[in-house]
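Structure, as structure tokens:
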Amino acid sequence: MKKNLFVFLILFFVSTFAFAAGDQEGAEDAIKIAMVTDVGGVNDQSFNQSAWEGLQRARDELGVEISYLESAQDADYIPNLQSLIDGGNDLVWGVGFKMADALLQMAKLYPDQHFAIIDFAYGPDAPSNVVGVLFKAEQASFLVGYIAGKVTETNTIGFVGGIEGAIIDAFEYGFLAGVYIANRDATVLSQYADSFVDAAKGKSIATQMYVQGADIVFHAAGSVGNGVIEAAREQDRWVIGVDRDQNDLAPDNVLTSAMKEVGDAMYKVAKDLKETGEFPSGGALILGLSDGAVGIAPTSNVHVPADILSEIEEMSQRIVSGEIAVPYNLETFETFKSEN
Amino acid sequence: MLIDIGFILGTMFMYATPLLYTALGGAISENSGVVNIGLEGMMTIGAFSAATTSYFLQNPWIGFIFGGFAGALLGLVHAVACVSYRADNVVSGIAINFLGPGIALFLARHFFGGTTHTKILDLDKKMPRPFDGVFEQNSFFDLILNQYATMFIALFLVFVVHFVFYYTRVGLRLRSVGEKPTAARTVGIRVVLYRYGAVIVSGFFAGLGGSSLSIAIVSHFWHPLISGQGFIALAAMIFGKWKPIPTMFACLMFGFSQGIAVFLGRVIPATYTELVSMIPYALTLIVLVLFVRRSRAPSALGGQVDE
């Protein structure tokens, strides 16, 4: 009897490992680029999907050979990276910071293999065969902050952060700067959930902000943000999404979203590789508005008036030209305020 | 000030709801002598099933019940492993916690075109809110009472389970199975049957707990929606000495301290945000040490019985 149970349990565990699926396409002798998704999978309608779309564009426009492997759980990262290395790929991508440790480990084991990772930078001690791609989140946050500052009627705006740190600081201070430029009278209520997963807490914090009179809340808090959006629906107020176009979660309430164009960033790396033949290496590649790697959601024109959108266009150009230096932490924000 | 109190109490009820169902489920299983740390996995599968069924049938009630049944199915797996095959309860529970999210993600991809989240329910296709629009929006009473039906059902179930435990023959037998299974068997109680029933019902409750998150607190299921609530519910049950009504107070206290934490997060400078977020956990520990000195588990908990 015990033996049966043992077999039964083993089968369960094996079945949970069995979801990693592969996909290969492309021509001979081309540059081969492959990516490992994190647990979201390649159709997650979020950054994994965006990443794969970027590679598909690289295939169609640049003729590179592409493939991906999906990870069903964190333990799949290393085996998936290993398969892609064995598959003779020129560049292997890890999509998402969760893969940082696994990717670093493999980069040390295979010094001749080139690696890149989205949303993570290893710092000065990193091996030279790995590059981290970061996004200037503050620039996209600035633009949505500007929209919020213009659209608000109560002059009270909310910001819900996940866990305080350099990454979310960029969202917060970029957003504050955008509101500051658009509307000096607006106050921003800012609160952290100390979590990236607790949707109920996000809902509770956002509800409190709406009760306090906020009419727009911006979140940079991962899954906590799903709760923020739910609060906006129940209270029938505005909410601003993050990372991807979140309009599908609440078409009537999502005003705009601060987008991170993972796919465009990966396309850019592929393009540079194709044109120069050189791999990006060592340290971090920080991409922003000028690279088309961040921006506001395409659905913004549904709720945001056209004249504000044309101002956003103008603001984008001023950021790209360097006229506006968007702050990304408290210190740069203080400087920003004294200069503007 | 009054609004703030209303807000804190409202948050308490919202937060406590999924915990109430799940902790009650835990109490039912453990009073029969089977440890159930698979609650988290049962909640996950329940949350997924409820969101999916509600979306396709556009009826939250069917979704809610279906979420319960999905949890019950995992409960059955746990019962087969723990009661028939006499597996270590903890090991089986851990397996359930892998299995629940695994199946949920697999099926989500199957039903929703490869994505790992379900589609959003319209507001009027979620669980109804009986007091919606009765009071002025965001007034004191609105903040407290404008809750989803799942919250009122959860409170009602607490008293149902209390009644069954202490005022019915089934309840007495169930508890005897958890305390002294050999004695229970001697007087002709079918221990295996009771344990099977209890573990399956426990899965059903945990499934309802997951549903109360995915079709009431929010309106879809995605990967980390259930992230530790099953374990918090387990803690609340132990906190509540394995008894329904004290367990209810434990859940409400946890919800209340979350409300306090969110409220203080607004009024206290951002520098202390981590400290404020610790309140629910710190308070739980303090109360546990000060007031719950004698918490005794059912004697036969986790043990096996010969047929």
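The values are calculated or read from the model by the stated rules, or taken from the named source; none is laboratory data. Predicted model only: the values in this text are computed from it and were never measured. Here Cβ is always computed from backbone atoms with ideal geometry, including for glycine, and neighbour counts include all displayed protein chains. Calculation scope for accessible area: heavy atoms of the full protein, side chains included, ligands and nucleic acids excluded. Shrake-Rupley method; radii C 1.70, N 1.55, O 1.52, S 1.80 Å.
Quick look at the numbers
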quantity: Candidate set from region B:156-174 (those that are in contact with a helix residue (DSSP H, G or I) (Cβ under 7 Å, 6 or more places away or on another chain) and touching a residue at least 60 places away in the same chain (Cβ under 8 Å)); member that is surrounded by the most Cβ atoms within 10 Å (Cβ to Cβ); calculated: B:Leu174
quantity: Residue match in region B:268-288 (condition: of a type outside the set (A, V, I, L, M, F, W, C), at pLDDT 85 or above and open to solvent by less than 10 Å² (accessible area, probe 1.4 Å)); calculated: no
quantity: Residue list for region A:228-255, filter: within 11 Å of another protein chain (Cβ to nearest Cβ), surrounded by 24 or more Cβ atoms within 10 Å (Cβ to Cβ) and farther than 24 Å from B:Asp132 by Cβ; calculated: A:Gln246
quantity: Among the candidates B:Val134, B:Val161, residue that is more than 9 Å from every other protein chain (Cβ to nearest Cβ) and part of a helix (DSSP H, G or I); calculated: B:Val161
quantity: Some residue of region B:104-112 being in a loop (DSSP other than H, G, I, E, B), modelled with pLDDT under 90 and surrounded by 15 or more Cβ atoms within 10 Å (Cβ to Cβ); calculated: yes
quantity: Qualifying positions in region B:175-219 - surrounded by fewer than 24 Cβ atoms within 10 Å (Cβ to Cβ) and in a loop (DSSP other than H, G, I, E, B); calculated: B:Lys180, B:Val187, B:Gly188, B:Ile189, B:Arg190
quantity: Residue match in region A:155-166 (condition: within 22 Å of the chain's Cα centre (by Cα), surrounded by fewer than 24 Cβ atoms within 10 Å (Cβ to Cβ) and assigned to a helix (DSSP H, G or I)); calculated: yes
quantity: Set A:Ser195, A:Ser190: member being in contact (Cβ under 8 Å) with a residue 12 or more places away in the chain and within 15 Å of A:Gly149 (Cα to Cα); calculated: A:Ser190
quantity: Residue in region A:83-94 that is within 14 Å of chain B (Cβ to nearest Cβ) and either within 21 Å of A:Leu287 (Cβ to Cβ) or among the polar types (S, T, N, Q) (or both) present; calculated: no
quantity: Yes/no for A:Val131 being among the hydrophobic types (A, V, I, L, M, F, W, C) and in the same structural domain as A:Asp245 (by TED's automatic domain parsing); calculated: no
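For (1) under 20 Å from B:Ala27 (Cα atoms); (2) without any contact (Cβ under 8 Å) to a residue 60 or more places away in the chain; (3) touching a strand residue (DSSP E or B) at 6+ places or on another chain (Cβ under 9 Å); (4) open to solvent by 10 Å² or more (accessible area, probe 1.4 Å), each residue gets a yes or a no:
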{"residue": "B:Asn59", "(1), (2), (3), (4)": "no, no, no, yes"}
{"residue": "B:Ile62", "(1), (2), (3), (4)": "no, yes, no, yes"}
{"residue": "B:Ser92", "(1), (2), (3), (4)": "yes, yes, no, no"}
{"residue": "B:Asn97", "(1), (2), (3), (4)": "yes, no, no, yes"}
